[in-house]
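Q: Please find one structure pasted underneath; my questions will follow.
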Amino acid sequence: MRTVYYGEYDHLDRVRQERVRRMERTRQVRKQKLLMIIGVMILMALSIFSVKAFANTDTTAADSFGTKQYKSIMIYCGDTVDSIAESNYSFQFRSVGRMASEIRSINHLSADEKLIPGNYLVIPYFDKASGY
């Protein structure tokens, strides 16, 4: 035989309300996580876009100078980096001093290092004919 309970159902209502609150809180947390992920993705996309937008992708300036090439020259008695830069200077380097500093940088030379006759130096130059 069944027993019928005619008492108060407050306990069951409280359990049901607690379950509804937990489900609502879970939905809220999921929504916050999703918004956070979307926000991070948007920030990443914007940072990548801004880096690409502000990067110097202007190839016309380099193409107007031609392509940078390198050649090897022999050092003779009395040669200095400055004299070699002066004899191989072209306007793309803007000054003989800049070309001399680039020659020193390419060949790993210090400012006061003496050149040894018979050795070779790598010299940069611009060549318009060797375009891609």
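Here, each number is a calculation from the coordinates, and none is a lab measurement. Computed from a predicted structure; not experimentally measured. Reconstructed Cβ throughout: ideal geometry from the backbone, glycine too, with neighbour counts over all protein chains shown.
Q: Taking 0.36 nm per residue of separation and subtracting the Cα-Cα distance, what length does fully extending Ser90 through Ser110 add? Let's see the in-between values first.
A: Details: separation 20, 0.36 × 20 = 7.20 nm, distance 2.26 nm.
Computed gain between Ser90 and Ser110 is 4.9 nm.
Q: Based only on other Cβ atoms within 10 Å, what is the fewest-to-most ordering of Asp112, Asp82? If you can, show how the numbers build up before the last one.
A: Working: Asp112 5, Asp82 14.
Listed from fewest to most nearby Cβ atoms, that is Asp112, Asp82.
Q: If eta is 1.002 mPa s and T is 20 °C, what Stokes-Einstein diffusion coefficient results for segment 59-127, Kirkwood Rh from Cα pairs, in µm²/s?
A: 171
Q: Let me ask another. Which whole-number percentage describes the relative contact order of segment 59-127, with Cα contacts under 8 Å and a sequence gap of 6 or more?
A: Relative CO of segment 59-127 lands at 54 percent.
Q: Let me ask another. For Lys128, list the lysines whose Cα falls under 27 Å from its own Cα; do not include residues on the same chain fewer than 8 positions away.
A: In chain and number order, the partners are Lys68, Lys71.
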